[in-house]
1. Can you give the % of DSSP beta bridges in the chain that are antiparallel, to the nearest 5?
2. Around GLY101, under 12 Å between beta carbons, what's the net of Lys plus Arg minus Asp minus Glu among the other residues?
3. Is the C-alpha gyration tensor of the range 73-115 telling us rounded, prolate or oblate? Criteria: a/c under 1.5 is rounded; beyond that, a/b larger than b/c is prolate, otherwise oblate.
4. Percent relative contact order of the chain, based on C-alpha pairs within less than 8 angstrom and at least six residues apart?
5. Between HIS88 and ASP54, what is the label-point separation in nm under the 7 Å Cα-to-beta-carbon projection?
6. For the chain, what is the mean residue ellipticity at 222 nm derived from helices alone (per DSSP H run of n ≥ 4: -39500 (n - 2.57); sum divided by total residues; nearest 500 deg cm²/dmol)?
7. Of the lysine pairs in the chain, how many meet both conditions: Cα atoms under 22 Å apart, and a spacing of 8 or more in sequence or different chains?
8. At 7 Å along the Cα-to-beta-carbon direction for both ALA44 and LYS19, put a label point, then send me their distance in nm to one decimal.
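The values are calculated or read from the model by the stated rules, or taken from the named source; none is laboratory data. Note that this is a predicted model, so its numbers are computed, not measured. Cβ atoms come from the backbone with ideal geometry, glycine included; neighbour counts cover every protein chain shown. Each accessible area value is taken on the protein alone, full model and side chains, heavy atoms only, with ligands, DNA and RNA left out. Shrake-Rupley method; radii C 1.70, N 1.55, O 1.52, S 1.80 Å.
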Amino acid sequence: MLKELKLGRTFVGRVAQGKDALDSITAFAQEQNIVLGKVSGIGALEKVTIGYFDGKQYHYKSFAEPVEVASLEGNISLKDGRVFAHLHVNVADKNFNSYGGHLAASEVFCLEFVIQEYLGEEYTRQEDQEIPLSVWSKKIY
């Protein structure tokens, strides 16, 4: 099911140094009652853990040294009746090696973000019977 949505509010901000990016963006979205939106950002992290899903389970890689956030992308929807931010990140280390995946945990050095809210309908995450992931319940094709 494909739906046309209207643009809502746009927020531009920065996550405080030392905070977790996922927790901070989720908390902000909850405070603002953003139930559907898009997140993007750039910056730098002191440390980060990212995940890779192999079709059955997540595998995680942690970086204890600073990394550059080349791209942060994700969405906001509802999961179990609560606002839920699902974020992916691409980071680069001091040797310019790039790594990407599901953002699991981080300690922010500096992270600037934009949240674009969408209005019109709530999207809810739920377990999909075809794949072992919590995904949007609405399919289009």
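1. Values: 55 of 57 bridges.
About 95 percent, rounded to the nearest 5.
2. Values: positive: LYS61; negative: ASP54, GLU73.
After counting each charged neighbour, the total is -1.
3. Details: a/c = 2.72, a/b = 2.15, b/c = 1.26.
Note, shape of the range 73-115 comes out prolate.
4. Details: 344 pairs, mean separation 50.9, N = 141.
Reported relative contact order: 36 percent.
5. That separation, rounded to one decimal, is 1.9 nm.
6. Here the helix-only value at 222 nm equals -2500 deg cm²/dmol.
7. Here the count comes out as 23.
8. 1.9 nm
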